[in-house]
Structure formats: structure tokens, C-alpha cells
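Here's the structure we're looking at; comments come further down.
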Amino acid sequence: MRSLLLALLTLLLQAQDAFLVKPYLQLGDAPRAAAKERLDLMWHAVDRDSVWTVEVQGSKGWNPQAAPVFRVLNAPPLPAHRIYRATLRNLPPGASVPYRVKQNGSVVFEAEALIRRLGAHRMIVFGDAANGSREQAAIAKAVLAQHPDAVFIAGDLVYGRGRAAEYRGHFFPVYNSEAVPLMRRVPFLGVPGNHDVPFAAFRDAAAYFAYWSQPLSGPPLKPGEPNAAPVIAGVHDAVVAASGPAFPRMASFSFDYGQVHWTVLDSNVYVNWESPALKAWLEADLKAAKTATWRIVALHHPLFQSSRSHMDDQWMRPISPILEKYGVDLVLAGHVHNYQRTAPLRFKPTKAGLRGRPVEGEFTVDEAFDGKTITRAKGIIHIVTGAGGAELYDPWQTDVKTSWQPWTRTFISDKHSFTVPDVAEKTIKLRQLDAEGRELDAITLTK
Ligand SMILES: [Fe+2]
């Protein structure tokens, strides 16, 4: 009897112990689509030995995957913990595949993973996300209700300072809960914003590099180089060690999903996209995306926007001619906490801009495009979708059109919202929805 009780108690403790952060899906270092897809499954656990195994259901039963690897993150205030990563392989594109995680032989977690689709799909986008607010939770719930195939966060992933403790507090519990089981079902992708970079005051800042697993397909930056996220020796060592090859390279990357080529750029102030090496990478990346029907650039700091807040943060504008040259269709940004959409436009900078100063230039605006009857755009549509959770900026501007730049077509800053692009071969239907799922804006783009 006694030994039975002891066994039960041990089982109970094990179950409680299993995860500090429950398993979540990441695209991993798989930038291009493949006939046999793969996904990374990550979870966090106490820094103690356990035998972890991951199995994926196939036609003939459960297939054990290669043993997971882990790195330890030992940066206060959280106790040292293990970040596990297992790569799930041989996955059929577009399928919903059951998987399970075992600890010491017992199943401790089960879910289904949605594998990258080759064709039509829905990748939901929002920025300025996890601040622990009611609105963040409401948007997460509304995103789940739209059944995305994947989710992209356009920077400022977690407030206030991109810290491991903040991820534990109000990132994973919101996007990967029993009630909102998003991250265990679909991969989350993202780009670091100004709140996700190393801050001198916190040893657990820049946890992005340790907690995410995204393609290492960006410029091959090394620690300490110009354009790399600047860490401080003696402060951020633990995060750098826990990040492995992801630091600093994972800040920018590109990947394909369905008919879309995504180019994801770290737009933080320490990056100079006019430097020859970065400019060459950007050109080569867009040029190589020949088979994609659509090209999307995603970054945190917008090139063109109308909000009084962050009006002078225009330092990404000089890349506009390169994006136009290679036929980019959409630029998706965050940083400004509201929703904005421009007319299709082209921009020629006339004067080099300094950080925090306006970048002037000549605009060519496609006045004919309305996204309803005229759906072929001549130029790039710039979208700010920074209303994913953090406090909204300049709500008064919603109704004061005279405060908008002449090329702004929609500006909604009195509601939290997210972007739902439904991509098909020759069509993108783009909707902006609020936390109740109500449509705030809708356009169609065709080729
Ligand atoms: Fe920001």
C-alpha cells in the first residue's frame, strides 16, 4: 500500500514537473518548402536529467524522432532551466500530424501540428504583442478562432524588455494555454523589435535568440560585428550561450510559405541596411525568389506611416527602391500601435536620413488601386499592424483624416486588431479584424 502511494506521489510530482513551458512549434532552420517537411518542437524544463522522447504519428503508428537537444539558460531572475529542441521530420506538407512527448517513458504531452502548406494558406500577422494585457489575450483568442496555418509577430514580441522572465510570465501562457492552444498547433514566426534586443540592465534580455528557432538564412553576422545585436560581455553571456548559432544571425532571415517569399529584416537602430554587405544580401535574397508569386517584407519599424507617434522613425525608407526593383507586394510592420494601410506607392529618397530624422523623397502613388474593383497594385502597399496587444497610439487620428499622410488609405487606432492575409495562387485577400472578429478593413490583391 505504502509503495503504491509512493509510486502515485512520484507520478504526480513528475507530471507537475514535466514542463516549465509547454511544447511549442517553430519553423526551425527550414527556410524552403520540401516534399518531406520538418518542424522544431521546443519546450522548457527544470535543469535536471530526464529521458525525453518525441514521437510523430505516421500511417503505421508512432515514429520516434531523434533525441532532443538542450541548452541551459542561467540568467536571473528565473532559475537555470533547460530549453529543449526536437526536430520532427518526414512530415507531409499541409497535413495535421499528431505528436506526443514522453518523459521517462510516460506520455506527458500530446497535440497536433499543422505542417507548412504548398498552396493556399492563412498566415496571421500582428505586432507589439505580449504585454500581459486583457487586449493581448483577446487578440490571441480571436486569432485562434480564425484557424491560422501559422502566425507571424512583427516585432516587440514581448514587453517590457524581451526578457526570459517576461516570456514565462505573459508570452507562452497566453499563446500556448489549454484555452488558446495556438503555439502547440501552428508555428509562430517573428522578428525582433526594439523591445526584444539586449538591454544593459537585464541579464535575461534578448531571450528571443534562445527561445525561438527560425531559419539561419540571413546575413552571416558574427557576435560583435557591426549590424549584429550589441550584447555586453559580463551581462548577456548567459543568453548568448543559450542561443548557440542563433545569436546574432537569427535576427534577419527569409523563408517560403505557399506561394509567398518572406524576407524578414531586423530594423533595429544598430542595423544599417545601406551597408554594402547587407544591401547585397537583401538584393540577392529577393532576386533568388523567382518561383514565388508573392513577395512580402516583414520588419518592425515601418517605412511609411501616419501616426504622430514614432513619426520620425523613418530610417528604413532608403531600402524602398530595392524592394520596388524586385517586385515586393507588401511590407508588414509593427512598432506603431495601430493599424494603417497605404495606397500602392513608390519612393525615391532625395536626401539621406539620419536616425530619428525624416527621410525625404519623391512619392509615386497608385491612386487608381482600390482593392475592390481595381486590384492590381502599381507599387508596394505598406501595412502597420501594431495593434496586437500593447496600448494603442493616437486613437484620435482614426477620425481626423486631415492628420493622415496623403498616401494613407486606412488608419484605425481605436481598436486592437490583427491582419489575416488569405493567400492563393494569384490572389491575396487581406482583412483586418478586431478582437471580436469584426472586419475593420478588407482589400483584394491580384496578379
Ligand atoms: Fe517598437
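The values are calculated or read from the model by the stated rules, or taken from the named source; none is laboratory data. These figures come from a predicted structure and were not determined experimentally. Because the Cβ atoms are built from the backbone with ideal geometry, glycine has one as well, and the counts that use them run over all protein chains shown. Ligands, DNA and RNA are excluded from the accessible area calculation, which covers all protein heavy atoms including side chains. Shrake-Rupley method; radii C 1.70, N 1.55, O 1.52, S 1.80 Å.
A few remarks follow.
- Residue among 363, 172, 199 with the largest mean-square fluctuation in a Gaussian network model of the chain, springs linking Cα atoms under 10 Å: 363
- Relative contact order computed over the range 388-445 (Cα-Cα under 8 Å; 6+ residues apart), in percent: 25
- Among 342, 263, 364, the residue with the largest mean-square fluctuation in a Gaussian network model of the chain, with springs joining Cα atoms closer than 10 Å, is 364.
- Max mean-square fluctuation residue, GNM over the chain, Cα-Cα springs under 10 Å, options 145, 390, 229: 145
- Summed side-chain charge close to residue 24 - residues other than residue 24 whose Cβ falls under 11 Å, Lys, Arg +1, Asp, Glu -1: +3
- Net +/- balance of residues flanking residue 238 in space, Cβ distance below 14 Å, scoring K and R +1, D and E -1: +1
- Bridge orientation summary for the chain: considering DSSP beta bridges with both residues in this region, about 75 percent are antiparallel.
- For the cross-link pairs 351/447; 348/426; 22/141; 36/279, the ones whose C-alpha atoms lie over 22 Å apart are 351/447; 348/426; 36/279.
- Dipole magnitude of the range 88-230 about its Cα centre (Cβ charges: Lys, Arg +1; Asp, Glu -1), debye to nearest 20: 360
- Among the protein heavy atoms of the chain, carbon and sulfur supply 55% of the accessible surface, probe 1.4 Å, non-protein parts ignored.
- When only alpha carbons are used to place a centre, the range 96-143 and the range 151-195 end up 10 Å from one another.
- Of 52, 343, 138, farthest towards positive along the dipole that unit charges on Lys, Arg, Asp, Glu beta carbons give the chain: 52
- Think of each Lys and Arg Cβ as +1 and each Asp and Glu Cβ as -1; about the Cα centre, that makes the dipole of the range 270-320 roughly 200 debye.
- Relative contact order of the range 293-442, pairs being alpha-carbon contacts under 8 Å that are 6 or more residues apart, as %: 25
- Of the DSSP H helices in the chain, those whose Cα atoms cover at least 20 Å axially and whose Kyte score averages 1.0 or more: 2-17
- In percent, rounded to a whole number, the relative contact order of the chain is 14, using alpha-carbon pairs under 8 Å and six or more apart.
- Accessible area per residue, Å², the chain with all protein chains present, probe 1.4 Å: 40
- In terms of accessible area, using a 1.4 Å probe and ignoring ligands and nucleic acids, 170, 44 rank largest first as 170, 44.
- Shape of the range 61-177, Cα gyration tensor, a/c cut at 1.5: oblate
- Neighbourhood charge, 12 Å Cβ-Cβ cut-off, centred on residue 126 and excluding it, Lys, Arg +1 and Asp, Glu -1: -4
- Extension gain for residue 312 to residue 446 (0.36 nm times residue separation, less C-alpha to C-alpha distance): 45.0 nm.
- Shape category assigned to the chain from the gyration tensor of Cα positions, a/c cut at 1.5: prolate
- Label-point separation in nm, residue 290 to residue 237, each point 7 Å along Cα→Cβ: 4.9
- Note on the chain: with charges restricted to the Cβ of Lys and Arg (+1) and Asp and Glu (-1), its dipole about the Cα centre is near 920 debye.
- Using just its DSSP H runs of length 4 or more, each adding -39500 (n - 2.57), the chain gives a mean residue ellipticity at 222 nm of -4500 deg cm²/dmol after division by all residues.
- The range 255-353: antiparallel DSSP beta bridges as a percent of all, rounded to 5: 25
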